[in-house]
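The values are calculated or read from the model by the stated rules, or taken from the named source; none is laboratory data. Since the model is a prediction, treat every value here as computed from it, not as a measurement. Glycine gets a Cβ as well: all are built from the backbone with ideal geometry, and neighbour counts include every protein chain shown.
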Ligand code: F6R
């Protein structure tokens, strides 16, 4: 999604803004631009396409000035063209804005402004908004923005500057994240922490309905009713190196290889070995409340939805609580049956996914308790839920989610363990699960050490037009995740199915061009999965088997076999998914795809 960065202070703004936009590239975008106030007025540069196009323009004419705003746009209203790129200006071209989100009543405001003589140069809702601010401007940018925001519906993260007030940035948030960076005699605004980290770690998170007024002397937070709100300054723990590639060819590869560590960071401090349970105090649920739960609904999107499905198996199997998993986009518009004895768990790497946030708000409205399993600290979902667990997987920059997925499954295991011990899991069973959790980082490393084998395997399937991923039980969601990884970064059409469903339709697709990836750890349904393999083999399909042991039978059935370490059945997706992530990565690289920023995708989907 779009990215915002703004700067006011003693230094030249343009370079800081462009560097900030580079840090925001991972969010996905299709045009970029900056505005700087210099001694003569506003200077704006913008270009469709990648940041390099903007940089080419800047190479010829760098704007000078010590206050400015910059934006990477991911098109919503209007095509990804230069006129539609941000910043946009008001009718008099004295105020500039950058905007993440959507102004829903832009159409009617535009008509009203056209009747008053305004003319527009873009198709965007954002230009309409800044014209409205210009219309209200009477010498105070802050007041004009506040007045305009009372008139608009929709979601926004906004930053305005004006050539009439060359010391002020006015920012506002509703539904789209923004944070203020507090430096030494300089201040920043950004849509996430990545552009701030090389300048400051001190940040103030804005909440919905709040505005930030940044000047050279300080900052002030307010809302539309109150002139000043006191908010805490938070310290960001992630350092810049953590968001850089660290020697790997792509962020995705780096993040796949970080999993032994990121997974341990999720588990660290939560395992109570003696008692065979987990300590997850952040859930803010008493033992009594947990015992009284009737059911659990887990809601999420995409990869996070796949981890939710694994959570369903874990919670039902271990804690014997009925669980339903809902796409957040569906849940939010249904009439869901939830009440105060329902626990609604929202899972989100970014903590900003619009549908997941809306689903959680809907659940809260209906009296359910909500918890979040979220990676990004201070994100909106993390702040709105009643309790939760931070994944502590570290920043995930590659658009395709990898380490967040394994950490989500680990966090679900922590929740399931605590709930199960309060209901019907014995201490010995609890200790057994903990032992297996503790072994996982080393097991993941064992699989990562075999990356060259997977790379060679990927080489053989690089021209496949389609692929199937099959698994049973808890590895069915892992199969869905393997298919999603492959399709989103390599653009090969891939589907995941429960293995036995194959004969109810997908088997018709199988021919010698079709790789069929089986997830078949040695679990309760292992023998049945082998029969499914036999069926594929009989029809000429190319079988890739992920198993615990490449024994003679598997060797007979599979064209390629990969052995992974044995773990607790319910934890096995954390291991089976690793070769699938690597497989998708290597296939996509061989096909020349942009692995970290696949076409049409954004890291954080903050519009519905
Ligand atoms: C796929 C992927 C997406 C996200 C989905 C939800 O690799 O990353 O499917 O999982 O957009 O995002 P979060 O977890 O940030 O809510």
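Residue 469 meets all of the listed conditions (1) farther than 26 Å from residue 278 by Cα; (2) more than 16 Å from the ligand (Cβ to nearest atom); (3) outside any helix (DSSP H, G or I) but one, namely (2).
Looking at region 475-490, is at least one residue touching a strand residue (DSSP E or B) at 6+ places or on another chain (Cβ under 7 Å), surrounded by 22 or more Cβ atoms within 10 Å (Cβ to Cβ) and not in a helix (DSSP H, G or I)? Looking for residues that are touching a strand residue (DSSP E or B) at 6+ places or on another chain (Cβ under 7 Å), surrounded by 22 or more Cβ atoms within 10 Å (Cβ to Cβ) and not in a helix (DSSP H, G or I), one finds none in region 475-490, hence no. Exactly one residue out of 104, 143 is assigned by TED's automatic domain parsing to the domain that holds residue 53 and without any contact (Cβ under 8 Å) to a residue 24 or more places away in the chain, and it is 143. If you go through region 312-348 and keep only what is in contact (Cβ under 8 Å) with a residue 60 or more places away in the chain and in contact with a strand residue (DSSP E or B) (Cβ under 6 Å, 6 or more places away or on another chain), you end up with 315, 321, 345, 347.
Give the residue, chosen from 44, 34, that is in contact (Cβ under 8 Å) with a residue 40 or more places away in the chain, under 25 Å from residue 352 (Cβ atoms) and assigned to a strand (DSSP E or B).
Values: 44 fails: under 25 Å from residue 352 (Cβ atoms).
Criteria check complete, one pass: 34.
The set of residues in region 270-297 being crowded, with 22+ Cβ neighbours inside 10 Å and either under 21 Å from the mean Cα position of the chain (by Cα) or assigned to a helix (DSSP H, G or I) (or both) consists of 283, 297.
A search for C-beta distances below 8 Å between a residue of region 107-119 that is loosely packed, with under 13 Cβ neighbours inside 10 Å and any residue that is in a helix (DSSP H, G or I), counting only pairs 6+ apart in sequence or on different chains, returns 116/135.
Condition check ((1) over 17 Å from residue 68 (Cβ atoms); (2) under 23 Å from the mean Cα position of the chain (by Cα)) across all residues:
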{"residue": "186", "(1), (2)": "no, no"}
{"residue": "191", "(1), (2)": "no, yes"}
{"residue": "197", "(1), (2)": "yes, yes"}
{"residue": "202", "(1), (2)": "yes, yes"}
{"residue": "208", "(1), (2)": "yes, yes"}
{"residue": "220", "(1), (2)": "yes, no"}
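Residue 456 - would you say it is outside any loop (DSSP other than H, G, I, E, B), within 29 Å of residue 498 (Cα to Cα) and more than 16 Å from the ligand (Cβ to nearest atom)? Yes; evaluated as a whole, the condition is true for this residue.
Per the conditions (1) surrounded by fewer than 19 Cβ atoms within 10 Å (Cβ to Cβ); (2) at pLDDT below 95, the sole criterion not satisfied by residue 250 is (1).
Of the listed requirements (1) touching a strand residue (DSSP E or B) at 6+ places or on another chain (Cβ under 8 Å); (2) assigned to a helix (DSSP H, G or I); (3) surrounded by 14 or more Cβ atoms within 10 Å (Cβ to Cβ), residue 464 misses just one: (2). Quick check on my filter: what residues within region 535-566 are in a loop (DSSP other than H, G, I, E, B), in contact with a helix residue (DSSP H, G or I) (Cβ under 8 Å, 6 or more places away or on another chain) and surrounded by fewer than 21 Cβ atoms within 10 Å (Cβ to Cβ)? Listed by number, the residues that qualify are 539, 565. Number of residues in region 298-319 that are under 26 Å from the mean Cα position of the chain (by Cα) and more than 16 Å from the ligand (Cβ to nearest atom) equals 4. In region 438-458, of all residues being within 29 Å of the chain's Cα centre (by Cα) and surrounded by fewer than 14 Cβ atoms within 10 Å (Cβ to Cβ), the one that is farthest from residue 559 (Cα to Cα) corresponds to 438.
Taking residue 598 as the residue in question, decide whether it is under 17 Å from the mean Cα position of the chain (by Cα), surrounded by fewer than 23 Cβ atoms within 10 Å (Cβ to Cβ) and either at pLDDT 95 or above or within 12 Å of the ligand (Cβ to nearest atom) (or both). Let's see the steps before the verdict.
On the way: under 17 Å from the mean Cα position of the chain (by Cα): yes; surrounded by fewer than 23 Cβ atoms within 10 Å (Cβ to Cβ): yes; either at pLDDT 95 or above or within 12 Å of the ligand (Cβ to nearest atom) (or both): yes.
Yes.
Looking across region 491-504, just one residue is modelled with pLDDT under 95 and buried (at least 24 other Cβ atoms within 10 Å of the Cβ), and that is 499. Do you know which residues across region 207-244 are within 30 Å of residue 583 (Cβ to Cβ), without any contact (Cβ under 8 Å) to a residue 12 or more places away in the chain and not in a helix (DSSP H, G or I)? Once the filter is applied, which keeps residues that are within 30 Å of residue 583 (Cβ to Cβ), without any contact (Cβ under 8 Å) to a residue 12 or more places away in the chain and not in a helix (DSSP H, G or I), region 207-244 yields only 244. The test for being within 16 Å of the ligand (Cβ to nearest atom), in the same structural domain as residue 413 (by TED's automatic domain parsing) and not in a helix (DSSP H, G or I) holds for residue 326.
Any idea how many residues of region 496-509 are in a strand (DSSP E or B) and over 24 Å from residue 597 (Cβ atoms)? Break it down into steps so the answer makes sense when it comes.
Initial filter on region 496-509 (in a strand (DSSP E or B)): 496-498.
In the following step, the residues that additionally are over 24 Å from residue 597 (Cβ atoms) were identified as 497-498.
Number of matching residues: 2.
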